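Single-structure report; data block below.
The values are calculated or read from the model by the stated rules, or taken from the named source; none is laboratory data. Since the model is a prediction, treat every value here as computed from it, not as a measurement. Glycine also receives a Cβ, built like all others from the backbone with ideal geometry; neighbour counts cover every protein chain displayed. Only protein heavy atoms, including side chains, enter the accessible area calculation; ligands, DNA and RNA are left aside. Shrake-Rupley method; radii C 1.70, N 1.55, O 1.52, S 1.80 Å.
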Amino acid sequence: MNAQFEYFTNCILDSDFFFINPKMLLISLFIATLFLAYSNGANDNFKGVATLFGSRTSSYQTAILLATFTTFAGAVTATFLASTLIKNFSGKGLVPDAIANSPEFHLAVAIAAGLTVLIATFMGFPISTTHSLTGALVGAGLVAIGLKVNFAALGTSFILPLLLSPIIAIPLGAGIYSLYNSIISKWNLSVNQKMIDIVHFISAGIVSFARGLNDTPKIFSLILVIEYFSVQGGMITIAIAMALGGLLNSQKVAVTMSEKITSLNHTQGLSANIVTGILVIAASRFGLPVSTTHVSVGSIFGVGLTAKKANMRVFYQILLSWILTLPTAAIISAITYRLLQG
């Protein structure tokens with residue numbers, strides 16, 4: 001009995017048994033990528049419709065169903081429009097192509113990013129999958145080639161857009177809402193609440209569509225090394241996993257986004273969504289890896305500042321979770337990639 005146990009243990013610890021087998025690696029990579037897509041959906045899917053629920057323009061169930069449908073539509077559209085993001089998040093340019101094309105590298109990145117996002121989801125923190133992927137790429141890259149990682153490419157293609165996202169979104173959210181109030185007051189216009197709600201629903205759908213358009217190719221880039229998948233088939237599979245994550249595990253993030261950052265009325269929610277939709281769609285068009293999370297939280301917080309109802313304590317907690325996202329993903333990725341190397 002002891003001999004059998006020792007043999008089994010040695011097999012598990014033996015890299016030839018578990019990690020080097022090419023088919024096992026590819027299967028593991030596929031499962032890990034779906035896990036990341038599920039985690040992404042759980043943390044991100046509700047962000048586009050958070051203002052609908054927060055302003056009580058819709059119920060939670062209606063909001064998440066709208067988010068699921070429109071995010072899926074964005075993911076399908078991404079199969080034709082988002083080739084730049086697929087290339088950026090494959091790791092090429094950050095590390096040598098020989099490493100960026102290895103299943104071990106992509107597997108470490110998928111596991112680390114997925115775990116980081118899922119942990120934040122269970123804690124109710126809306127974090128960036130983009131940021132998690134960036135940290136995971138860096139962590140595995142540092143183990144693979146040390147300080148030879150192309151930090152210049154990291155700064156221009158990843159860090160700068162991520163930092164700029166909330167910095168632009170906060171004043172824009174505040175500005176759009178202030179402009180709306182100014183126009184209504186100056187011209188003494190009557191407000192058609194039904195029309196505002198219709199536009200609000202459309203804007204929420206646009207934001208969710210843009211998120212699917214922006215995030216799906218980033219996740220799909222991890223399984224480019226699996227030759228069995230076409231771009232269309234791979235992205236649709238990822239979109240299904242994202243949809244399931246949003247339907248089953250988005251409640252805690254939904255409460256944070258919809259109620260804890262600030263209380264919202266109908267026009268405040270609409271203002272925030274307009275800003276988020278414009279910024280994320282523009283980023284997808286030009287291949288910039290902005291975070292829908294950072295843009296959405298920034299625009300909601302900006303509106304809350306204007307209305308003097310922003311919860312600074314919650315915003316600082318979210319900001320801290322953003323700061324910890326990259327190093328957390330990097331550490332998990334570095335450890336995972338080292339283990340995969342045997």
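Would you please put 256-265, 43-52, 199-208 in order of how densely packed they are, using the mean number of other Cβ atoms within 10 angstrom per residue and starting with the highest? Let's see the in-between values first.
Numbers: 256-265: 20.8, 43-52: 31.1, 199-208: 23.3.
With the highest mean Cβ count within 10 Å placed first, the list reads 43-52, 199-208, 256-265.
Based on the mean of other Cβ atoms within 10 Å per residue, sort peptides 268-281, 29-42 so the most packed one is first. Could the numbers behind the result be given before it?
Working: 268-281: 27.1, 29-42: 24.6.
Per-residue mean Cβ counts within 10 Å order the peptides as 268-281, 29-42.
Run the numbers for LEU164 and LEU65: contour at 0.36 nm per residue of separation, minus the present Cα-Cα distance, in nm. Mind showing how you got there, number by number?
Values: separation 99, 0.36 × 99 = 35.64 nm, distance 3.03 nm.
Extra length from LEU164 to LEU65 when fully extended: 32.6 nm.
Students sometimes get this wrong: rank SER59, SER165 by accessible area, probe 1.4 Å, all chains present, largest first. Working shown, then result.
Details: SER59 50, SER165 5 Å².
Final ranking, largest accessible area leading: SER59, SER165.
May I ask you to give the solvent-accessible area per residue for segment 223-342, in square angstrom, as obtained with a 1.4 angstrom probe? The partial results should precede the final answer.
Working: 5170 Å² over 120 residues.
On a per-residue basis, 43 Å².
Starting with the highest mean, order 130-138, 71-79 by the number of other Cβ atoms within 10 Å, averaged over the residues of each peptide. All intermediate terms of the calculation are to be shown ahead of the outcome.
Values: 130-138: 29.4, 71-79: 23.0.
Ranking, from highest mean packing down: 130-138, 71-79.
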